[in-house]
Amino acid sequence: MVDERRFDDDEVAEILDLAAATESPAGARAGAAHGLTLGELKEIGSEVGIAPARIEAAARALAERRAAMPPARLLGTDRSVARMVHIDRPLTDDEWDRLVADLRETFGAVGTLETHGSLRVWRNGNLQVHVEPSADGYRVRMRTLKGNAMPRLVVGGLFTLVGAMIVAVEAFTGPDFGDLIFASLFATIGVGNLAYLRWMLPRWARERADQMEGLAERIPRLVKGERQDAE
């Protein structure tokens, strides 16, 4: 349960940021060396003018974001990245336009847009951002998948297998220098593809996770800013 767990220092700062949609006060991080409960966070929020309900909503949003969809795995590492951000209402047209501009700048892609009532989608290949209803309001759901990872895995696996099969045949029929060179070439290409894939995927996943985390921090400020303008 969210109200029973203890939040570490980074989570405390993130919850207060989400609740206030601004930089958390410097004093809010003090004393969190052993973690804070939701009740203690509400007390801190009250001291700096943040309503307890907003603290609780922010804690739920943090839990939802970190429990987004489990990543797809390949070669023991992630080949997909997802984040979820809770918002308490649908985006206005102006907010959506600003979010799309942020997405284009963040990912360096124009993408395509879809709108169905309050449902909005921005997509660029396997990278998708949805604004949609959730159980207690609305959410911005971001997800991407490394599309060329599986073809590279198949190619690497096939080349490695062919190289191994040639070596196995040579072991029974007697070694042939030309065939062994052919086998080593196949095996080198195959293992090289697999090694590159294993090296590249974690770096890709970290980059996408950092980009989505930055968006997840900016989206609540975008919504709050629009509400302040309306007031």
- Looking at Gly147, is it on the phi > 0 side of the Ramachandran plot and assigned by TED's automatic domain parsing to the domain that holds Arg206? no
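Taking Gly190 as the residue in question, decide whether it is out of contact with any Asp or Glu (no Cβ under 9 Å at 6 or more places or on another chain), assigned by TED's automatic domain parsing to the domain that holds Val154 and on the phi > 0 side of the Ramachandran plot. If you could, list the steps in order and put the result at the bottom.
On the way: out of contact with any Asp or Glu (no Cβ under 9 Å at 6 or more places or on another chain): yes; assigned by TED's automatic domain parsing to the domain that holds Val154: yes; on the phi > 0 side of the Ramachandran plot: no.
It is false that Gly190 is out of contact with any Asp or Glu (no Cβ under 9 Å at 6 or more places or on another chain), assigned by TED's automatic domain parsing to the domain that holds Val154 and on the phi > 0 side of the Ramachandran plot.
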- Could you tell me which residue of segment 170-197 is nearest to Lys146 (Cα to Cα), considering only residues that are surrounded by 13 or more Cβ atoms within 10 Å (Cβ to Cβ) and polar (S, T, N, Q)? Asn193
- Looking only at segment 60-118, which residues are modelled with pLDDT under 90 and in a helix (DSSP H, G or I)? Arg60, Ala61, Leu62, Ala63, Glu64, Arg65, Arg66
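Does at least one position in segment 100-119 carry a residue that is in contact (Cβ under 8 Å) with a residue 24 or more places away in the chain and basic (Lys, Arg)?
no
Looking at the structure I just gave you, is Trp122 crowded, with 20+ Cβ neighbours inside 10 Å and either hydroxyl-bearing (Ser, Thr, Tyr) or outside any loop (DSSP other than H, G, I, E, B) (or both)? It would help to see each step written out before you state the result.
Values: crowded, with 20+ Cβ neighbours inside 10 Å: yes; either hydroxyl-bearing (Ser, Thr, Tyr) or outside any loop (DSSP other than H, G, I, E, B) (or both): yes.
Against the criterion (crowded, with 20+ Cβ neighbours inside 10 Å and either hydroxyl-bearing (Ser, Thr, Tyr) or outside any loop (DSSP other than H, G, I, E, B) (or both)), Trp122 qualifies.
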- From the set of residues in segment 140-155 that are within 30 Å of Arg89 (Cα to Cα) and out of contact with any His (no Cβ under 6 Å at 6 or more places or on another chain), which is surrounded by the fewest Cβ atoms within 10 Å (Cβ to Cβ)? Leu145
- Query: Does any residue of segment 132-153 turn out to be part of a strand (DSSP E or B) and either under 30 Å from Leu180 (Cα atoms) or in contact with a Pro (Cβ under 7 Å, 6 or more places away or on another chain) (or both)?
  - Reply: yes
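The values are calculated or read from the model by the stated rules, or taken from the named source; none is laboratory data. Bear in mind the structure is a predicted one, so any value in this text is a computation, not a measurement. Every residue, glycine as well, gets a Cβ built from its backbone with ideal geometry; the counts of neighbours run over all protein chains shown.
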